[in-house]
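Take a look at the structure below.
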Amino acid sequence: MKRTLGVCYYPEHWPEETWAKDAAAMVAAGLTWVRIGEFAWSRLEPTSGTFDFGWLDRAIATLGNAGLKIILGTPSATPPRWMLDRFPDMLAVDADGHPRRFGSRRHYCHSHRGYRDAARDMATTLGKRYGRDPRIHAWQIDNEYGCHETTLSYSAAARDAFRDWLAQHYQSIDALNRAWGNVFWSMEYADFDDIDLPNQTVTQSNPSHELAFRRFASDQVVQWNAAQVAALRPLTDAPLIHNYMGREMGFDHHAVARDLDIASWDSYPIGFLSDRLEGDAAHKARYLQQGDPDMQAFHHDLYRGLNNGRWWVMEQQPGPVNWAPYNPAPLPGMVRLWSWEAFAHGAEVVSYFRWRQAPFAQEQMHAGLRRPDDAAAPGLAEAQQVATEIAQMPDVAQAQAPVALLFDYPSAWSWEVLPQGADFSYFRLMFETYRALRCQGLSIDILPASTTDLSGYKLILAPGLATLPIGLAAALSTSKAVCLLGPRTGLVTPDLTIPLPLGPALPGLDTTVTRVESLPPGTSRPVQGGGALRHWVETLEGTSPVQLSCESGGPVLVGGKSLHYLAGWPDPDLWSRVLALLAKQVDLPLTPLPEGLRLRSTASHLFAFNYAPEPIEWHGETLEPAGVGWWPL
Ligand code: GAL
């Protein structure tokens, strides 16, 4: 698959006379794709039932005639103002009961059937007009599900749909009462219609109730997306795509992806570092203009696992953004580095957001490839450089990584609902695990926890997996890999209650978690020989061989040949020890890397990326800050 570049463009923001010049400049810059349309509903249907496709026809003609491949977005993330006259109750409602009003975007509740149907009908209208248009090479459905915390809605529509969902899921109210333990605090219900959404309660609501609501809300996103997929499928052969976000855990991306053809995500490395990641001040200062060295790769690998390896970067940060608390510019070279890192992880397309900075509205301070006065912004030259390099570089195919990390969105909801420690975050645990692996130079596949074929991996990790999916134990035991479960793996039922007998109940491992503790920041439990547990510590009982112990006694790592259980959340030193121990068992070579250097192996090349603010010597070469190197394997 040939790698290509693209850009996000909003013809409705610019005088029509500029479109042809813009299109020619995009082609001259080496761009292949242009994404349009995803927020243009007020121009496509200015009043209810009155359509204006003239401008879009002309924009498609101009861009297409210039030789660009078009990605057409459905505009359902931005319902126009008149839609509220039609459906006054379509707005999402926040947990305090306030409607989330018109005046920005994503102002809709996924459970509102009227608006869902209107969005579907718009997709049908667009599909009929452009579905067979040879200039439309892909579709984007909606924009960034979950963005601005829009997965959960406490509206009347959501409440009614939740009651239906519960009735289907539990079949009888007695079954629900039993599954949730509603005898506690006299919370028993006589009828599904008695059940409200779990907000505005006096104190914590029942975690089983909250988890059910999270599962329901995720299903609503899946169904919302599926409605537009159903509208477009018969009308086009072009791939259907959604652009996911970074660290968005509100809905099950694996479930949404089942209806789509290609996964994509929006990568804003510098914004994410300050806005979306833990990390001390020194780490954030060191990577201020590069972004965290693992955040992008983590999502590349996560989203590569969604649609059998087919994935894109739909939006790539090209300069300073506007939405983080502070918005520094990328170090020179970083736009190129981020682009190549995406390609090394298998991206088919990297598309920059956006062509030209808009001089108006919410994102007027957000850089594009061009400035508001149309002069080239610094990101443009780097995009052009990548385009030139792509043309010179042979295609690199992806290879199965030696390590698999199993990822599960419902586990994130379980631990969010029942954290037990204020800073326990499933994402953070997964991310730190991933970072520990990457610091040893490893390439990683991130797979759904429901994966049944795990053959070919040397090392498989599933920390924090709330409930073991049926079939996982069998898949692990037939995989021939060394497997690491824990901490907090297999410790609750799917209804978020404690299983009896106690977990993790792993065939072939005699270990039981009999007590858990959470530790506040700044405290830890030292481990004999070096490293420590922090955030989370489990007490294990059983006869499985102990590999590592706490200084105060008590097992930290147990296991024999293949299956291991880790009784806490390791700090980086302990991670290195644990990984060294496991890797040795399967002859997996580890390469401890200089701080800020990261590697990625493809089928034919080894890539190296220098996120550090200082030069790094590697493979006999000096990689400057923001430097990228590649060598045939
Ligand atoms: C994304 C979004 C874009 C734009 C961009 C700014 O989250 O999809 O529409 O808002 O952020 O960085």
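The values are calculated or read from the model by the stated rules, or taken from the named source; none is laboratory data. Computed from a predicted structure; not experimentally measured. Neighbour counts run over all protein chains shown; Cβ positions are idealised from the backbone, glycine included. Ligands, DNA and RNA are stripped out before the accessible areas are found, and what is left, the full protein with its side chains, is counted by its heavy atoms. Shrake-Rupley method; radii C 1.70, N 1.55, O 1.52, S 1.80 Å.
Quick notes
- Tally of residues being of a type in the set (A, V, I, L, M, F, W, C), away from the ligand (no atom under 11 Å from the Cβ) and free of Cβ contacts under 8 Å to residues at least 12 places away in the same chain across the range 361-383: 3
- Among the numbered conditions (1) surrounded by fewer than 20 Cβ atoms within 10 Å (Cβ to Cβ); (2) closer than 16 Å to His253 by Cα; (3) in contact with a Leu (Cβ under 7 Å, 6 or more places away or on another chain), the only one that Pro448 does not meet is (3).
- Check on Ser218, assigned to a helix (DSSP H, G or I) and of a type in the set (Ser, Thr, Tyr): yes
- Restricting attention to the range 34-56, the residues being of a type outside the set (Ser, Thr, Tyr) and either open to solvent by 30 Å² or more (accessible area, probe 1.4 Å) or within 16 Å of the ligand (Cβ to nearest atom) (or both) number 13.
- The combined condition, being hydrophobic (A, V, I, L, M, F, W, C) and either assigned to a loop (DSSP other than H, G, I, E, B) or within 16 Å of the ligand (Cβ to nearest atom) (or both), is not fulfilled by Phe343.
- Phe609 meets each of the listed conditions (1) within 26 Å of the chain's Cα centre (by Cα); (2) surrounded by fewer than 20 Cβ atoms within 10 Å (Cβ to Cβ); (3) outside the structural domain of Ala481 (by TED's automatic domain parsing) apart from (2).
- Filtered by the rule that a residue be of a type in the set (A, V, I, L, M) and touching a helix residue (DSSP H, G or I) at 6+ places or on another chain (Cβ under 7 Å), the range 438-466 gives Ile444, Ile446, Ala449, Leu454, Leu459, Ile460, Leu461, Leu465, Ala466.
- Test: residue in the range 100-115 that is within 16 Å of the ligand (Cβ to nearest atom), among the basic types (Lys, Arg) and either at positive phi or open to solvent by 60 Å² or more (accessible area, probe 1.4 Å) (or both): yes
- Top-ranked residue in the range 351-395 [being among the basic types (Lys, Arg) and assigned to a loop (DSSP other than H, G, I, E, B); ranked as most open to solvent (accessible area, probe 1.4 Å)]: Arg371
So that you can scan it fast, the table gives a plain yes or no per residue for (1) within 16 Å of the ligand (Cβ to nearest atom); (2) open to solvent by less than 30 Å² (accessible area, probe 1.4 Å):
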{"position": "Ile141", "(1), (2)": "yes, yes"}
{"position": "Tyr145", "(1), (2)": "yes, yes"}
{"position": "Thr151", "(1), (2)": "yes, yes"}
{"position": "Tyr154", "(1), (2)": "no, no"}
{"position": "Ala161", "(1), (2)": "no, yes"}
{"position": "Trp165", "(1), (2)": "no, no"}
{"position": "Ser172", "(1), (2)": "no, no"}
{"position": "Asn182", "(1), (2)": "no, yes"}
{"position": "Met187", "(1), (2)": "no, no"}
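- Check on Leu496, open to solvent by less than 20 Å² (accessible area, probe 1.4 Å) and more than 27 Å from Ala580 (Cβ to Cβ): yes
- Test: residue in the range 301-310 that is basic (Lys, Arg), in a loop (DSSP other than H, G, I, E, B) and within 16 Å of the ligand (Cβ to nearest atom): no
- Test result for Pro332, in contact (Cβ under 8 Å) with a residue 40 or more places away in the chain, more than 15 Å from the ligand (Cβ to nearest atom) and not β-branched (Val, Ile, Thr): yes
- Candidates Gly271, Gly319, Gly279: the one that is part of a loop (DSSP other than H, G, I, E, B) and either touching a residue at least 60 places away in the same chain (Cβ under 8 Å) or within 16 Å of the ligand (Cβ to nearest atom) (or both) is Gly319.
- Single residue of the range 122-136 satisfying the filter (part of a loop (DSSP other than H, G, I, E, B) and not small (Gly, Ala, Ser)) that is least open to solvent (accessible area, probe 1.4 Å): Asp133
- Any hit, the range 563-573, residues being open to solvent by less than 10 Å² (accessible area, probe 1.4 Å), without any contact (Cβ under 8 Å) to a residue 60 or more places away in the chain and closer than 26 Å to Ala481 by Cβ: no
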